[in-house]
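These notes are about the structure you will find just below.
Bear in mind these aren't lab numbers, they're just calculated from the coordinates by the rules spelled out. Keep in mind that what you see is a predicted model, and the values were worked out from it rather than measured. Here Cβ is always computed from backbone atoms with ideal geometry, including for glycine, and neighbour counts include all displayed protein chains.
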Amino acid sequence: MRTMLPMLPITALALVLAAPAVQAEERAPLVVADFESSEVMLLRVNATTRCREDCVVRGMPYSAQRVYESVQVLADGNRIVNRSSEQLYRDADGRTRVESDWLGQALVQIQDPVQGMSYRLQPSAKTGLSMAMGAPAPSPRNAPPPSMSPVAGMAAEGLAPALASATVSADGLRSTRPLGTRQMEGETVEGTLQTTTIPAGKAGNTQPIVTTAEVWRSRALKLDLYTRVIDPRSGERVTRLENLRRGTPSPSLFTVPGDYTVREIKRR
Amino acid sequence: MQPKAPNDHRKDGRAPEWAGARRLLADAAPPDGVEAALLQAFARRHAKQPWYRRWTLEALAPWAGIGAAGFALALALAGGLRAPPPQAPVAAADGFLALAPADRIAAAVNPHLRRADLPRQELVRMGIPIAADAPDELVHAELLVAATGEPLAVRLAVN
């Protein structure tokens, strides 16, 4: 020990000199995942849910096109307009299929609660990834909320119209009011308008910031047909369903074609 | 070398008995071989060590410290030279999903990380292609946000 004493000040110096390297690790650069890694991450999100049975909608098959539009008005009056769409399918067993574009390629997502599998397919390459569906690993952080029994769920569903009156949060910053019912795409939809206020000074704002979310939902299909979100910070975003058709889509849409190479990713 | 005079003790500070003993033994000769034996014993005791046996822990400690400091300095400099700038995206196994073009991410000034639990449906509205069969189920998201509020990249994990 005695012989180590002369080293202490020099070791301290060494640690001081090494500190920049340690700090560089702490402010690690943004690490952007490559395509396959990000696909695995998104597949894991798709395949991992604690709402497996409760969120499967059976006996209500449909197909539709979902359209996204966003408009952002800049301070100089310029406008940024984006539009995209995707194709939705659901069969009578609750399987779903979403066809969209992602990073310049076609992407197909299939959720198959019957087989308990989740798929992400790239039709252009005839490849894909699959993962068995399951609940997240239990931990104190992700403890599941108390589940509602099917009977209680039906009761809540039935009481919803009566409860759909204007509500205001305790702090007065969030309010919801019903917009009544109307017809959209041949379906009866119920509307709600949620208003959220960010008080002046909360985010450096001199005036309150008010955002609104208008949602029109088909209770029968358990599907939002129209959503319009207005936020003065980001502009206006509209999501709507078009060409909604009830009826069972082709069963082949919910299976992986035989000539695809699909790699199964094991759950962690 | 001239022998010292008997009264030299005043100069060299030695005791008077020392000068007396010298006078007594001035003409005496040692037994045969004693001098040679003494010289050999001296040589054994003070033999020249190879260089690596001359390094003791006491001698090594400061040099080891200096070496450690130099190594750390080299490490820090090399790290500074090799590490990409903070905004430069690189491929990795478990990274972020880019939401903005690479040049805009690279040009973002002082981006910061925000963590939030967001409904699946909201993430789909942001353009992230995930299943929203359970639209209100929360997904843990880590968002890299530019100073302008623009989301640059996201990393997701199911709660």
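Show me, for segment A:189-204, the HN-Hα J-couplings you get by feeding each phi into the Karplus relation (A = 6.51, B = -1.76, C = 1.60, θ = phi - 60°), rounded to Hz, glycine and proline as x.
Using θ = phi - 60°, the values come out as 10, 10, x, 9, 10, 9, 10, 10, 10, 9, x, 4, x, 5, 10, x Hz.
On average, how much area does the Cα convex hull of segment B:97-158 cover when viewed from any direction, in nm²? Walk me through the numbers on the way to the answer.
Values: hull surface 15.6 nm².
Computing the convex hull of the Cα atoms and averaging its projections yields 3.9 nm².
For A:Leu74 and A:Ala220, FRET efficiency with R0 = 60 Å and r from the beta-carbon atoms, rounded to 0.05? List each step's numbers first, then the result.
Details: r = 41 Å, r/R0 = 0.68.
After rounding, the FRET efficiency stands at 0.90.
Which residues does a label at A:Val67 reach in segment A:209-239, if reach means a backbone N under 16 Å from a point 7 Å past the Cα toward the Cβ?
Counting only backbone N, you get A:225-229, A:237-239.
Modelling each spin label as a point 7 Å along the Cα-to-Cβ direction, I'd like the A:Glu53/A:Ala125 distance in nm, to one decimal.
Computed distance between label sites A:Glu53 and A:Ala125 equals 3.8 nm.
Computed over the Cα atoms of segment A:27-93, what is the convex hull's projected area averaged over all directions, in nm²?
Averaging across all directions leaves 8.9 nm² for the Cα convex hull.
At a Förster radius of 35 Å, what calculated FRET efficiency corresponds to the Cβ-Cβ distance of A:Asp34 and A:Val81, to the nearest 0.05? Don't skip to the answer; put the middle values down first.
Values: r = 31 Å, r/R0 = 0.87.
Efficiency for this residue pair is about 0.70.
Quick one: A:Ser218, A:Ser85, A:Ser118, A:Ser252, fewest Cβ neighbours within 10 Å first, how do they rank?
Exposure proxy ranking, most exposed first: A:Ser252, A:Ser85, A:Ser218, A:Ser118.
Pop the C-beta distance of A:Ala170 and A:Thr261 into the FRET formula with R0 = 56 Å and round what comes out to the nearest 0.05.
Numbers: r = 55 Å, r/R0 = 0.97.
The computed FRET efficiency comes out at 0.55.
Please check which bits of segment A:85-125 a label hung off A:Ser250 would reach, taking the label as a point 7 Å along Cα-to-C-beta and the cut-off as backbone N under 12 Å.
Of the residues in segment A:85-125, none has backbone N under 12 Å from the label point off A:Ser250.
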